[in-house]
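Starting off with a structure, shown below.
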Amino acid sequence: MYEHVDQISNLMAKRRKLIEDMETLLNEMDLQQKDFEILNEYFGSEQRMKDIEEDEKGNIPTSLNRGALSEDELYDIVCDNHDLMIRMMEVALKGLKS
């Protein structure tokens, strides 16, 4: 008879957890925005092109993390970030309209 009270209470708890998790992630994204700007700048920079050339010549030690020289990985991060920002705006707009 009053199952809806339990159902609504569970939905509230689920949403509260989601809000808290989202706040944590948004805070992290905000704190790392400057780092992302560095990644984005490096992606199309002359320095990166020089670094790739040096890597191809074998001048960058293989003991270093050279993930920044991977065109696909860095490109994917830049694009995924862009797509995520658009998706966040879409979800926010949908939430504001309801």
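The values are calculated or read from the model by the stated rules, or taken from the named source; none is laboratory data. The model shown is predicted, which means the values in this text are computed figures rather than measured ones. Cβ: placed from backbone, ideal geometry, glycine included. Neighbour counts: every protein chain shown. The accessibility values were calculated without ligands, DNA or RNA, using every heavy atom of the protein model including side chains. Shrake-Rupley method; radii C 1.70, N 1.55, O 1.52, S 1.80 Å.
How much accessible area per residue does the chain have, counting only protein heavy atoms and a probe of 1.4 Å, in square angstrom?
With all protein chains present, the chain gives 89 Å² per residue.
Same structure, new question: If the cut-off is 25 Å between C-alpha atoms, which lysines fall inside it for Lys94, apart from same-chain ones fewer than 8 positions away?
Straight-distance partners of Lys94: Lys14, Lys17.
Determine, from the Cβ-Cβ distance of Glu53 and Glu28 and an R0 of 35 Å, the FRET efficiency 1/(1 + (r/R0)^6), rounded to the nearest 0.05.
About 0.55, to the nearest 0.05.
Could you please put Tyr2, Tyr75, Tyr42 in sequence from largest to smallest accessible area, using a 1.4 Å probe?
Result, largest first: Tyr2, Tyr75, Tyr42.
Now a separate question. Is any helix in the chain, taking whole DSSP H runs, at least 30 angstrom long along its axis by alpha carbon and on average at least -1.0 on the Kyte-Doolittle scale, and which ones?
3-31, 71-97
Of Cys79, Leu96, Asn40, which is farthest towards the positive pole of the chain's charge dipole, taken about the Cα centre with +1 and -1 on the beta-carbons of Lys, Arg and Asp, Glu respectively?
Of Cys79, Leu96, Asn40, it is Leu96.
With all distinct Cα pairs included, what does the Kirkwood hydrodynamic radius of the stretch 27-94 come out to in Å, to one decimal, could you say?
13.7 Å
Another one. Could you work out what % of the accessible surface of the chain is carbon and sulfur, using a 1.4 angstrom probe and leaving DNA, RNA and ligands out of the count?
56 percent
Mind giving me the FRET efficiency for Ala68 and Met88? R0 is 22 Å, r the Cβ-Cβ distance, nearest 0.05 is fine.
0.30
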